[in-house]
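*Asks:* Please read through the structure below; I'll follow up with questions.
A short reminder: the numbers here are calculations on the coordinates, not readings from a lab. This structure is a prediction, so every number in the text was calculated from the model and none was measured. Backbone-built Cβ (ideal geometry, glycine too); neighbour counts: all protein chains shown.
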Amino acid sequence: MNTKIQKIEKYFNNEIPSLISNCKKIVNKNSDIKAVYIVGGMIRDILSDIKPSEPDIAVAGNFNKFVNLLSEKYRGKIKFHHNFLSAQIYTNILHIDINCLRTEKYNPPGSLPKTKATLDIEQDLIRRDFTVNSIAINISDINKFKLIDPYKGIEDIYEKKIKVLHNKSFIDDPTRIFRAINYKYKNNFEIDPETFNLMKLSSKNVRNLSKDRIKKEMRIFLDTDKVIEKIKFTKKINLFENISKDLSVFKTNLQKTKIPNNFLEILGIILFESDKKQIVKIFDWIKLSKEEKLKLLDIHKMKKICENLSHDKLKASEVVHLCQNISNEILKSHYIVCKIVQSNNQILKYLNYYKNIVPDLSAKELMNLQIKEGKIIGELLSILRNKKIDGEIKNKIEAKKFVKNFLNN
């Protein structure tokens, strides 16, 4: 345990010394603030030898007073969430999450919790999602740091094990099912067999979440690494089936496919054979912007486009005509999964070269040639670009000659 304390203490002293010092000073000068702890993710990450997350602070005592005093030290901006006894401080150097030590009750299960302040750190830790996040260190003790690990979270960190703290954990908060899967694939942890059984039994409780919370969790779930593996794992616990049959359209037979980091490209890959109706239904279950929805609707057009791109003797301008109204993200995703080699070659040429070609004459230059009507200028710009793409016009001189002949005819 001493080695672990030393490891954590070294990080605190090297990386966040002012935060530790300020917390100690505040507790020392204010008797109604009993103790301050760093909890959860930062300790887990330090002990796992990965880059730690931002500090998560828990306060015993006068919570609002502590938040205001700490914010003054950094001249930071405060955002309070009074219903949850929590706040964030945003500074130039840190984003600090702060929570009052609290208990939580979920009534009904799956709803947002009702919170109540406590002075007992162990009561606060048992409300958390997994044992690896239920570790605290008292940073307000003047003499030394004190590590608090009542639920053997450190042991589970070193065994790379995801384990819930009580049997009702996934019933109380079904979003923890998503979180457990994300941890498994992000940190290469294994889910404890008993916890896995609880996930499977509780996956139907995801229906108790509000639609907005499901959409938010689905966004996080799909916007991270190892998406295909994670979707496959959900089938073991019937997670998506318990949310909606609409989610059955996700493709998982892509083991050898290199999955990109871009969120829309990821969705383009796992929805690549979906029709318009299926894609629209997905919008009900994932948090998406209006622009993202419009781009995803391009997916159902790609089957026909890929067939057309595979034709022999297509002009480069015809490739542009087929591709130019499809978002880059969806084109890239279909380049990854489409098995028609000729189509892939054309998509690659479009993305890397054709789409960046502009005509040799601008609208202003056409107006200088005494062309006034906007419709004709637009038509000429389109024709000039196509001829440039096809290699039929190579410079301004040839472009002006073409325009002169076009107008004379």
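*Asks:* Mind scanning K29/K105; K235/K276; K287/K349 and naming the pairs with a C-alpha gap bigger than 28 Å? List each step's numbers first, then the result.
*Replies:* Numbers: K29/K105 33 Å; K235/K276 24 Å; K287/K349 32 Å.
Too far apart for the 28 Å limit: K29/K105; K287/K349.
*Asks:* Report, in degrees rounded to the nearest 10, the 0 to 90 angle that the Cα long axis of helix 211-222 makes with the longest principal axis of the chain.
*Replies:* For helix 211-222, the angle is close to 80 degrees.
*Asks:* Seen from all sides and averaged, what is the projected area of the convex hull of the Cα atoms in region 287-376, in nm²?
*Replies:* 8.1
*Asks:* Moving on. Straight distance only, please: which lysines reach the Cα of K404 with their own Cα at less than 25 Å, same-chain residues fewer than 8 apart left out?
*Replies:* Filter leaves K315, K364, K372, K375, K387, K388, K394, K396.
*Asks:* Still on this structure: Can you give me the orientation-averaged projected area of the convex hull built on the Cα atoms of the chain, in nm²?
*Replies:* Working: hull surface 106.8 nm².
That works out to 26.7 nm².
*Asks:* For the chain, what is the mean residue ellipticity at 222 nm derived from helices alone (per DSSP H run of n ≥ 4: -39500 (n - 2.57); sum divided by total residues; nearest 500 deg cm²/dmol)?
*Replies:* Theoretical 222 nm ellipticity from helices: -14500 deg cm²/dmol.
*Asks:* Arrange C23, C306 by Cβ neighbour counts within 10 Å, fewest through most, would you? Mind showing how you got there, number by number?
*Replies:* On the way: C23 25, C306 20.
Lowest count first: C306, C23.
*Asks:* Here's something else I'd like to know. Could you list the trypsin sites (Lys or Arg not before Pro) in region 348-409 that lie in coil according to DSSP, counting only those with at most 15 other Cβ atoms within 10 Å of their Cβ?
*Replies:* Taking region 348-409 and a limit of 15 other Cβ atoms within 10 Å, the loop trypsin sites (Lys or Arg not before Pro) found are K372, K394.
*Asks:* Less than 22 Å apart at the alpha-carbon level, and either on another chain or at least 8 residues along: which lysines does that give for K34?
*Replies:* K24, K25, K65, K73, K116, K144, K146
*Asks:* State the Cα centre-to-centre distance between region 1-56 and region 301-376 in whole Å.
*Replies:* One Cα centre to the other: 55 Å.
*Asks:* While we're looking at this one, here's another question. With θ set to phi - 60° and the Karplus curve 6.51 cos²θ - 1.76 cosθ + 1.60, what are the ³J(HN,Hα) couplings of region 291-303 in order, to the nearest whole Hz, using x for Gly and Pro?
*Replies:* 5, 5, 4, 4, 5, 5, 5, 5, 4, 5, 7, 6, 4
*Asks:* Using the Cα atoms as the points, what is the convex hull volume per residue of region 363-408 in Å³?
*Replies:* 65
*Asks:* Among the trypsin sites (Lys or Arg not before Pro) in region 58-121, which ones are in a DSSP loop with at most 14 other Cβ atoms within 10 Å of the Cβ? Mind listing them? Spell out each step's value before the answer.
*Replies:* On the way: sites: K65, K73, R75, K77, K79, R102, K105, K114, K116; in loops: R75.
Answer in residue order: R75.
*Asks:* Also, quick follow-up: Starting with the fewest neighbours, write out R44, R219 ranked by other beta-carbon atoms found within 10 Å of each beta-carbon.
*Replies:* R219, R44
*Asks:* What is the order of F402, F66, fewest Cβ neighbours within 10 Å to most? List each step's numbers first, then the result.
*Replies:* Values: F402 18, F66 23.
Ordered by Cβ neighbours within 10 Å, fewest first: F402, F66.
*Asks:* Please list, in chain and number order, the residues 5+ apart from R102 or on another chain whose amide H is under 5 Å from its amide H, with Hs placed from the backbone.
*Replies:* Hits under the 5 Å cutoff: T118, D124.
*Asks:* Collect residues whose amide H, placed 1.01 Å from N in the peptide plane, falls under 5 Å from the amide H of I393; neighbours closer than 5 in sequence don't count.
*Replies:* The list, which skips near neighbours in sequence, is K388.
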